[in-house]
Every structure is written in C-alpha cells, then in structure tokens.
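All of the numbers you see were taken from the coordinates with simple rules; none came from a lab. These numbers were taken from a predicted model, which means no experiment stands behind them. Note: ideal-geometry Cβ built from the backbone for every residue, glycine included; neighbour counts use all protein chains shown.
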Amino acid sequence: MVQFDGVAVRYGRGPEILQDIQFALPAGSFHFLTGASGAGKSSLLRLIYLAQRPSRGRILLFGRDTSAARRYELPALRRRVGVVFQDFRLLDHLSTLDNVALPLRIAGATEQDVQKFVPDLLNWVGLTEQMHATPPTLSGGQKQRVAIARAVIGRPDLLLADEPTGNVDDRIAMRLMYLFEELNKLGTTVVVATHNENLVSRLDYPRLLLENGRVTKA
Amino acid sequence: MTFLTKRSDLPLEKDASSKFVPWLVAPMVFLSAVALAGAFILSTLIARWDRDVSGTLTVEIAAAPGEASLSGDRTRAKVEQTLRILESTPGVARARALTQEQLVNLLAPWLGNSDLLRELPLPALLDVTLSQDVNVDLAALSKTLAQSVPGASLDDHRIWLARLIRLSRAIQWLAVSIVVLIGVVTSATVYFATRTAMAVHHDVIEVLHLIGAADSYIARQFADRALLLGLKGGLFGLGLTIPVVAMINFGTEQMEGGFLADLSLPLLGWVCVLLLPLVAALLAMLTARAAVYRSLAQML
C-alpha cells in the first residue's frame, strides 16, 4: 500500500528533517505514527498524501512510484487517500454538508448520492443538527468531526489522520477511533499520527516512532 | 446555460477582484462594436464605389487650337474619329459624347453659367460604358487613342479610386486592429483578475487540490465565473451599442444625396456586433481557464 525507501526531506538548504525513512504499510493495516512535537509526523504524512516530494528516496503509493508519476496522474492517487488535517482545513464559506460532500463531488458523484450518503455519515458523527451550519459557527470538536467525515466519505483505500483527537475529550476520541477501526475492518489502511500515549496504549496496533527525523520502530 | 446554476466550491461571487470585470467588458464591447460597425460600413462603401465606377471610362479630347469656329469643327472631327475607334473596340458597349450644354453645366459651379463659357474652346468629353462580359485592354486602347487622335486621353477613374480605397482599407485595418487590441486588453485584465482571485483563495484551492481535485475541476469554477461576468458586461455593452449604430443608420437615411446613402450596417455586420458579447464572454472564460492552469502547474 505504502512503501518508503531511503526517503529524506529537507526544506531549502536547511538540514534534513526526515532522514533515511524506510518502512512499508501493508494493505488493510492500522498503524499509529508517534513522536514528540516537531519530530516530523506531519511532514511524513504530507509525503504520503502527495503534498510534497521527498528530497531523495522513493515512495510507492498503491504500487505506483510517486516520484515517477506524471502530474496529471496525482489527483487520482490523492482521491484514494482520505486525510484528516491537523488544522482541519475546512472551507469556511461552505456548510457542513458541502464540506463533507467535497470528495464525492470532486470524484464526480451525483447530487443524489451526495444527498443520500452525507446526511447518514453526519448523523453517525453526531452532526445532523449542524448539517447546514458553517465551520466558523462550530466548536473545535465539531470541526474535527466534520474533517473526519470529509476524509472518510469517499471510502478511501488509505486514511491518514494527523492528531485527529487533539480537540475532543476521551469519550469522543475513542468513538472516533472506533470509526477508524470500522473503516479498517472494511479494508481501509489507516495511519493515525498522534502524541496521545493514552490512546495508543488502549488500542493494540503497531506504531511507527519518529525520533530525530528517523523512524526508529516499525 | 448550466454555468448559471452550477454550484461552486470557491466563494468567487464575493470576490472584490472580479466584481469590476463586467464594468470593464461593457465599454470594451461597446468600443469593439463601434469599431467593427465602422469597418463593415466602410467595406460596404468601398464595394459601392468600386461597383459604380468600374465599367465606365471617360475620354477627354483637348480643344483644337485656332479660331473658335475652326477649333469647334476640328474638335468635332476628333470626337467622330474617337467614337469610331471606340465603337470598333471589342468590349465597349456604348460611347457617347457629352453635348456642349452638358459640358457647360458641369463647369457652371466653378466658372458660372455665362455666355462667355459657351464661347470658350472647351475640351470634349466622351462617356464610355464597357461590356460586363469582355475585358478591355485599357493600356492598348489608351495608346491607340493617343496615336490616332492628338490630344485624346483616357481616364478609367482607377487612380483616384485606388487612393480612396487604399485610405479606406487602412481605416478598416485600423478598426480591426482596435478590436484585436481591445480583446488583448480585456484578456490581460481577466488574466490578472483571475490570478488575484487565485491568490486570495489559495487556501481553498490547496484543500481542493489535496483532496484530489484535478486542475480541470478548479479551472472550471473560475472559467464559469468569468463566462458569466463576461456575458453580463458584454450584454450591457451591447445595450449601449445598439442605439448608437441605429442612430447612425437613421441619420444617414435622413441625409440627402446618394453618397452617404449606404452608410448603414449590413446584415453580416449586425450579426457580428450581436455576437460580440458572446465572443467577449468566451474570451474571458478561456483566459481565466488558461490563467488557472498556468498557476496550478506550479503546484505539485
């Protein structure tokens, strides 16, 4: 599903913030990505969801070498990846429903499908009443649930979540993790970046530990 | 017209950077329409002048020297000889000499209608009509006349008509250049307005990009917006143009004399003017699309 071979990232002429990253995530697996703040978790996820290219090394995504992929091939690869951004990145001018519907519309789904699937999912994450509200009127936890709903609505092959439980209490955090587990059982490969050790210890999944720019435990 | 109802993921309708686009397109379409109408009217005028003078010639025979009565007889003899040459020339349909009275009437506006004018040794003028079917070798005819009839010269009106047509064509090209220049300016403005809008909405575009939107998906939203704004401005500009062109038509119809009677816009001209808003809107749409593609190409 995802394979890193000797991947490194540096910004400009600065030092490499990720060095010699080497790991493989099998299809259908569930991994935590852990490490201290600033360890490079978000940078590693950015490489996977094709927001940036590595300075060196090779990344295989769904069997495709992303550095060899042509630019016009990338949107199709990105549509197979659901991302929960750390800062949510919701579109403030769109309603909750329209935010969640974005991946479906981008994939060319009909309005019938949008109206059928999105309200169901919003109901599942407890946002039925906020369906027509815009993000600026939502609380931090509600925004996070919208972001998660947007990431999973297209039933992605790979789900990346960057600190998805950072703004919710433990009860909601566990409920969101159960949602990820449900998706994982349906075949979605899941990577959750978190520094919430409590969460990691409660769920028995392998972890990738980032230390000093290197994956030390895979 | 689906672009009128298509939803957009980008809040482009609130954009200050694109709100001025219709107000720019409207005067551009107005100026283009006036320039285009001018070019078409000139084209009609040139065609009419060309049609009117082609197929006719004038032969001028200088008055023979000597006493008035002798001069008159000699000139008349030259006229007879010239008529014989002309009538025997293939392609000449008709040739007739202008009477003394007609010559005096032609000169009267400049020299006055006096008896003295009738006594002056006036040159003879022959009005020649050419056949539509046969081409006359005008150079050979001119040479024959000059050799056979001393003082005879041929004028096919081509020299002054060619100058007039050259001038008119230059004005026509100027009008077309103005239309092209207006198109370029409109396009450049839409281009920079689109780039500004993209900078304003960079965060939204990045999110769409990262969740898998292809360039065409994002470009379509900008292009639809530009098409709508271009069409609005274009129709407003057309609304300003139609009364102006109609007034020119009405004004020239009211004028006396045949010279300006054709100063009206032909049907093809009306079609082109009416299509201008659509052309402006399509230009805006294609420019916006190109600007978006060019800008997105810099993203991964």
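List of remarks:
- Per-residue shielding of A:68-75, expressed as the average number of other chain Cβ atoms within 10 Å of the residue Cβ, stands at 3.
- Furthest towards positive pole of dipole, A:H195, B:P109, B:I159, structure part the protein assembly as shown, Cβ charges: A:H195
- Using Cβ point charges alone (K and R +1, D and E -1), the dipole size of the protein assembly as shown about the Cα centre works out to roughly 1800 debye.
- In terms of its alpha-carbon gyration tensor, chain B comes out prolate; a/c meets the 1.5 threshold, and the first ratio a/b outweighs b/c.
- Residue of A:R70, A:R56, A:R13 that the Gaussian network model of chain A assigns the largest fluctuation, springs spanning Cα pairs under 10 Å: A:R13
- Comparing B:A26, B:N135, B:A213 along the charge dipole axis of the protein assembly as shown, the residue lying farthest to the positive side is B:A213, per the Cβ-charge model.
- 3J(HN,Hα) along the range A:67-83, derived from phi through the Karplus expression 6.51 cos²θ - 1.76 cosθ + 1.60 where θ = phi - 60°, amounts to 6, 8, 5, 6, 4, 6, 7, 5, x, 5, 5, 5, 5, 8, 10, x, 10 Hz, with x in place of Gly and Pro.
- Average silhouette area of chain A, convex hull of alpha-carbon atoms, in square nanometres: 12.0
- Debye log10 I(q)/I(0) for the range A:123-218, one point scatterer per Cα, at q = 0.10, 0.12, 0.20 Å⁻¹: -0.29, -0.42, -1.06
- Mean separation of Cα contacts under 8 Å (6+ apart) over length of chain A, as relative contact order %: 31
- Ranking B:G72, A:V9, B:G55 by Cα position along the charge dipole of the protein assembly as shown, where only Lys, Arg, Asp and Glu carry charges on their C-beta atoms, puts A:V9 farthest toward the positive end.
- Dividing the summed helix terms, -39500 (n - 2.57) for each DSSP H run of n ≥ 4, by the number of residues in chain A produces a 222 nm estimate of -10000 deg cm²/dmol to the nearest 500.
- Long-range lysine pairs (8 or more apart or interchain), the protein assembly as shown, Cα under 17 Å: 6
- Taking a Cβ cut-off of under 11 Å around B:S71, the surrounding Lys, Arg, Asp and Glu residues balance to a net charge of 0, with basic ones at +1 and acidic ones at -1.
- Build a GNM of chain A with springs between Cα atoms under 10 Å apart, and of A:F117, A:F180, A:F85 the one that fluctuates most is A:F117.
- The protein assembly as shown - convex hull of the alpha-carbon atoms, volume per residue in Å³: 231
- Taking each DSSP H run with n ≥ 4 as -39500 (n - 2.57) and averaging over every residue of chain B yields -24000 deg cm²/dmol at 222 nm.
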